[in-house]
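Accompanying notes for the structure given below.
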Amino acid sequence: MATPEFITALRATAGTQLLWLPGVTAIVFDDEGRVLLGRRTDTRKWSVIGGIPEPGEQPAACAVREVFEETAVTCVPERVVLVQALQPTTYGNGDECQYMDITFRCRAVGGEARVNDDESLDVGWFAVDALPELNDFALFRIKQALSETPTWFDPMTLG
């Protein structure tokens, strides 16, 4: 995964210390109700589409950009599915990050799903009852995107 230039610049002065960063996840459905997934080059596993907004970029615009960059699919965000502070992550080089994930339910409006950058090995549409192996992060977000409930917030933080 390419590190955004603004994070590389931050790392030049911050070193490996914990960075608090925004993150965006896009759960994209087509007209048949299938969900768009990509198989990542770094883990070789299937996952939902996401990324980090550029400075000043709106989260919904980031979702649209990331989906197109990774899959060549054009989408429209429909609603915020969840907002969640994730656990800190330490990367192989020692860099520490913690992400505030904003997940959007999106609707595909154009393009043909294909690998469109070096972040994915494969891209495809999957029926929700025939998903490949996915981690809990992806499964929970797909479940919430399919639900008509209000935006999900971690109940542990509301008390």
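The values are calculated or read from the model by the stated rules, or taken from the named source; none is laboratory data. These numbers were taken from a predicted model, which means no experiment stands behind them. Glycine gets a Cβ as well: all are built from the backbone with ideal geometry, and neighbour counts include every protein chain shown. Ligands, DNA and RNA are stripped out before the accessible areas are found, and what is left, the full protein with its side chains, is counted by its heavy atoms. Shrake-Rupley method; radii C 1.70, N 1.55, O 1.52, S 1.80 Å.
General remarks:
- Hits in the stretch 116-149 - residues which are in contact (Cβ under 8 Å) with a residue 40 or more places away in the chain and among the β-branched types (Val, Ile, Thr): Val123, Val128, Ile142
- The number of residues in the stretch 39-65 being open to solvent by 30 Å² or more (accessible area, probe 1.4 Å), under 19 Å from Ala113 (Cβ atoms) and of a type in the set (Ser, Thr, Tyr) comes to 1.
- Leading residue by the ranking (farthest from Gly111 (Cα to Cα)) among those in the stretch 66-75 that are surrounded by 21 or more Cβ atoms within 10 Å (Cβ to Cβ) and in contact with a helix residue (DSSP H, G or I) (Cβ under 9 Å, 6 or more places away or on another chain): Cys75
- Note on the stretch 17-31: among residues that are closer than 19 Å to Ser147 by Cβ and more than 13 Å from the chain's Cα centre (by Cα), the one that is least open to solvent (accessible area, probe 1.4 Å) is Phe29.
- Residues in the stretch 77-96 that are of a type in the set (Val, Ile, Thr) and either crowded, with 16+ Cβ neighbours inside 10 Å or in contact (Cβ under 8 Å) with a residue 40 or more places away in the chain (or both): Val80, Val81, Val83.
- Some residue of the stretch 53-65 being under 11 Å from Gly23 (Cα atoms), in contact (Cβ under 8 Å) with a residue 12 or more places away in the chain and over 12 Å from the mean Cα position of the chain (by Cα): yes
- Selection over the stretch 117-152 of residues that are closer than 20 Å to Val64 by Cβ and modelled with pLDDT of 95 or more gives a count of 8.
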